[in-house]
1. Helix-only estimate, please: 222 nm mean residue ellipticity of the chain, summing -39500 (n - 2.57) across DSSP H runs of length 4 or more and dividing by its residues, to the nearest 500.
2. Compute the angle between helix 173-186 and the longest alpha-carbon principal axis of the chain, please, reported from 0 to 90 degrees and rounded to the nearest 10.
3. Sequence neighbours fewer than 8 away in the same chain don't count; with that in mind, list the lysines whose C-alpha is under 22 Å from Lys422.
4. Please order Cys154, Cys395 by the number of other Cβ within 10 Å, starting at the fewest.
5. Among 74-84, 349-359, 28-38, how do they line up from the highest to the lowest mean number of other beta-carbon atoms within 10 Å?
6. So for the chain, Kirkwood radius off the Cα pairs, Stokes-Einstein at 4 °C and 1.567 mPa s: how many µm² s⁻¹?
7. Checking the table Lys102/Lys338; Lys43/Lys89; Lys43/Lys93; Lys276/Lys306 against a 18 Å threshold on Cα-Cα, which pairs fail?
8. Computed over the Cα atoms of region 138-265, what is the ratio Rg over Rh, Rh following Kirkwood?
Amino acid sequence: INLPDELENPTHRYGDNGFALYGLPVPTEGRVTGLLGPNGIGKSTAVAILSGLMAPNLGRGASWKEVIESYSGSALGDYLRRVVEKGVKTAYKPQYVDRIPKSYSGSVEGLLEKTDERGALSGLAEKMNLSPLMGREISSLSGGELQRVAIAACAARDADVYFFDEISPYLDIYQRINAASAIRELSETRSVMVVEHDLALLDLLAENVHLVYGTPGAYGVITRPKGVRVGINQYIKGYFPEENIRVRSEPIVFEVHAPRAEKDVPLLAKYETFSKRYTSFVLEAERGEIRRGEVVGILGPNGIGKSTYIKILAGVEEPTTGDLKLKLKVSYKPQYLKADFDLPVQVFLRKITPEFDSSYYQSEFVKPMGLENLMDQTMEELSGGELQRVAIVGCLSRDADLYLLDEPSAHLDVEQRMMAAKVMRRFAESTERSVLVVDHD
């Protein structure tokens, strides 16, 4: 069994000694093809090349002519030739939808009408529940609303190949299923490629999948296509038999913990019934208890009041009726993260906790969450997944009684989600602190 090793002759390399990508997937007509692998491994680079947004350089500044010659006689070579000759039309949904308002201003209806090249808008609007958003400005949308609009805008275009770079962030379970249904309909007559970390959603969507392995930030290798169930199971086990490559020392295990008996769990706080009234929405919360050392999940569709509930617990918003009287120190990680400041990650965390240099902090937070190589980067330089990991650690680093995390899985890959869950649970149990988590995964 071989361990991952960098190959020769990259498809693309950033700079002289930068990240290198080896191989590319090939879109297949009438199918949804998945791309599955860790963050920073080259999936978005592959999509950018295949969609014509970026030219591969073969690691040596090669021209398009040289690229096509190097892949001549293959399906990939034929596809790339069509891209260069404008013989294939592509549509692309970007990974980070929260950046859309920076490049487009106007109404949702205006954006969707511009992209509706095949007269599919009414059906997509109904499937994605976009009608209530049509009169809204793009700049006023939440992350989940932006995600649905971006998916519909891409699907409404008249293209030969559609690329969707992560469709699950900020969407609830029902919205993910509706998005999958819309994308599956596209694939009946077109080619579709989807990058996704939600394994259940990928299983629902795709017929086949390319796995991507390597060293994040250094190089990535794209495998040949595999059946989606076969590919997902190989990814979970960490061993790819056809390539004879082991990418992980241990398989990913979805652990099930038996709940502790209530009498064994000391009480942290109680609160009475409260409500929050908006113009068109009312949240009513029944009286409840928060126990020490527990991790409690908060589950429900988008727009139902989950974020409002924890904002009230965090003291970010006041209830309309009821008085919580919690008198607790609370640490809160919001759903939508902004880091428009140039503070290095290391300085950001040092400002939060005096424990930064301790072996405990490094072994329990920094190493498991993969932050070692991010310490000298500034917060504004971080990708969505990197910022999410730093925000989770920052939240758990504060001295508090209650920790509230709103959608910590957004933009994290499978391994990072599992590790974040372990870190949160281990932290809660070892310190007897209480953790409440809103998530759809």
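Each value in this text was obtained by applying a stated rule to the coordinates, not by laboratory testing. It should be emphasised that the depicted structure is a prediction, and the values quoted were computed from it without experimental measurement. Glycine gets a Cβ as well: all are built from the backbone with ideal geometry, and neighbour counts include every protein chain shown.
1. The helix-only estimate for the chain comes to -9000 deg cm²/dmol at 222 nm.
2. 10 degrees
3. Leaving aside lysines fewer than 8 places away in the same chain, those within reach of Lys422 are Lys237, Lys333, Lys367.
4. Values: Cys154 24, Cys395 21.
Ascending Cβ contact count within 10 Å gives the list Cys395, Cys154.
5. 28-38, 74-84, 349-359
6. D = 55 µm²/s.
7. In this structure, Lys43/Lys89 exceed 18 Å between Cα atoms.
8. Numbers: Rg = 18.1 Å, Rh = 17.1 Å.
Result: Rg/Rh = 1.06.
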